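Notes follow the structure.
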Amino acid sequence: MAFLFNKFQEAIKTLAKSPSFARDPRHLQFDADVNRLFLYTSYNRLGEHSEEKDAEEIIDLASKASVTDQQKQVQGNVHYQLKHICKSMDNILRPDTKDPSQSSSDAYNNSRRSGLSLAVGTGVAAANKPAVPATRPLTQAELSNKFRDQFGYTLDIKPSLIPHKDAGQGLFLSGEANIGAVLAIYPGVIYSPAYYRYIPGYPRIDACNSYLITRYDGTIINAKPWHLGGETREIWDGSDPVDYNTTPPKSPESNSDRAWRMLNKPLQKSGTENFGDVLERRNPLAFGHFANHPPGGSTPNVMICPYDFPLTEKDMRVYIPNIAFGGEEPVTMKRFGSFWFKSRAPGKETGESPVLRTLVLVSTRSVCDEELYLNYRYSSSKGRPDWYTPVDEEEDKRRWS
């Protein structure tokens with residue numbers, strides 16, 4: 001497979017520099033990322049027994065197919081991997097269940113209206129609490145070890161090897177994974193632009209929270225409530241006990257910051273009942289938020305991949321560690337300057353299925369028993385931490401242009 005890998009790496013270098021995908025810099029960077037993900041995940045799906053002509057066909061497609069078509073293929077490739085990942089966890093946690101989708105489907109149907117939809121006044125009766133299917137009484141560590149035995153790798157959280165005081169905990173791969181493999185899922189509460197004002201700490205949402213990430217489409221995921229997961233399969237509603245308005249910010253506030261805090265406060269969800277979705281809190285791959293930015297002289301070995309999980313896949317739902325704030329009803333957004341306005345469509349468009357707009361981390365090379373590094377791509381127009389060394393300054397500028 002080495003010669004195929006070299007072919008893909010050369011293709012990635014060449015195609016990533018092509019200006020033909022988009023006109024403005026931000027879309028150019030998005031298109032380049034999709035192109036890379038298309039090559040990485042397609043390479044992974046070829047498998048060990050692929051031939052050179054297969055690789056050449058994929059490289060040719062990457063240079064000719066539209067970005068939309070490549071996005072669809074990336075979604076298919078990632079979904080294919082996650083389906084196998086979920087099946088492995090089901091085999092471990094529910095080995096005696098002939099049809100694991102049956103009970104999880106019931107739980108899904110009972111929890112279609114997330115507790116966070118209370119924010120828009122759509123309460124759920126207590127009698128509709130979803131049932132939690134029984135599983136083997138394994139600890140998170142035991143599930144992680146068994147998953148590695150079956151799948152070849154798992155994740156560990158331990159002190160980072162990066163030599164600076166703010167590195168904290170790092171994300172480590174235990175085992176081996178090929179290029180283009182889904183190594184981690186970014187867990188937590190998903191906020192569409194319609195619900196930005198409900199993000200804890202709004203409007204300075206990142207002042208006390210380093211576990212936020214933004215997709216190109218404006219979707220924000222807050223992983224802080226998930227933290228280290230848990231030791232059970234349970235109903236999770238994304239509650240975060242931290243009061244962000246009383247938490248000291250990570251850096252000194254300016255007069256402008258203090259004024260923003262006084263004049264703009266996050267909206268609060270209504271209702272007193274807590275509901276959510278049945279999620280597997282022991283998920284050994286739900287730690288994407290612990291990946292650190294590479295230190296100077298190092299390169300990333302994973303990259304962000306947007307993944308729209310189809311909620312029709314009921315047997316997989318319990319292993320997708322996310323819930324959507326505001327529920328699953330589609331919201332149409334319009335942007336005017338820096339402001340977003342929402343307008344609910346009267347009905348679903350034909351062919352549309354509800355999805356969770358999530359993120360996964362995909363390997364950019366073969367990885368074996370090492371710390372995972374993700375390019376944070378901090379904006380060059382804002383103050384960066386002292387420890388931040390750009391991987392590619394031009395990419396950073398295009399991402400936030």
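Worth a mention:
- Unmet requirement for ARG384, which otherwise passes all of (1) open to solvent by less than 80 Å² (accessible area, probe 1.4 Å); (2) modelled with pLDDT under 85: (2)
- Residue that is in a loop (DSSP other than H, G, I, E, B), modelled with pLDDT of 95 or more and either under 24 Å from ARG384 (Cα atoms) or open to solvent by less than 20 Å² (accessible area, probe 1.4 Å) (or both), where the choices are PRO266, PRO284: PRO284
- Sole residue being exposed (fewer than 15 other Cβ atoms within 10 Å of the Cβ) and modelled with pLDDT under 95, chosen from PRO130, PRO163, PRO159: PRO163
- Residue match in the range 141-159 (condition: assigned to a loop (DSSP other than H, G, I, E, B) and among the basic types (Lys, Arg)): no
- For the range 240-249, the condition of being modelled with pLDDT under 80 and in contact with a helix residue (DSSP H, G or I) (Cβ under 8 Å, 6 or more places away or on another chain) holds for at least one residue.
- GLU57 vs. criteria farther than 26 Å from ALA184 by Cβ and either surrounded by fewer than 20 Cβ atoms within 10 Å (Cβ to Cβ) or at pLDDT 75 or above (or both): yes
- Enumeration of residues in the range 171-187 that are part of a strand (DSSP E or B), among the small types (Gly, Ala, Ser) and closer than 18 Å to LYS83 by Cβ: ALA177, ALA184
The values are calculated or read from the model by the stated rules, or taken from the named source; none is laboratory data. Just so it is clear, the structure is predicted and the values come from calculations on it, not from any experiment. FYI the Cβ positions are ideal-geometry reconstructions off the backbone, even for glycines, and counts take in every protein chain you see. With ligands, DNA and RNA removed, areas are computed over all heavy atoms of the protein, side chains included. Shrake-Rupley method; radii C 1.70, N 1.55, O 1.52, S 1.80 Å.
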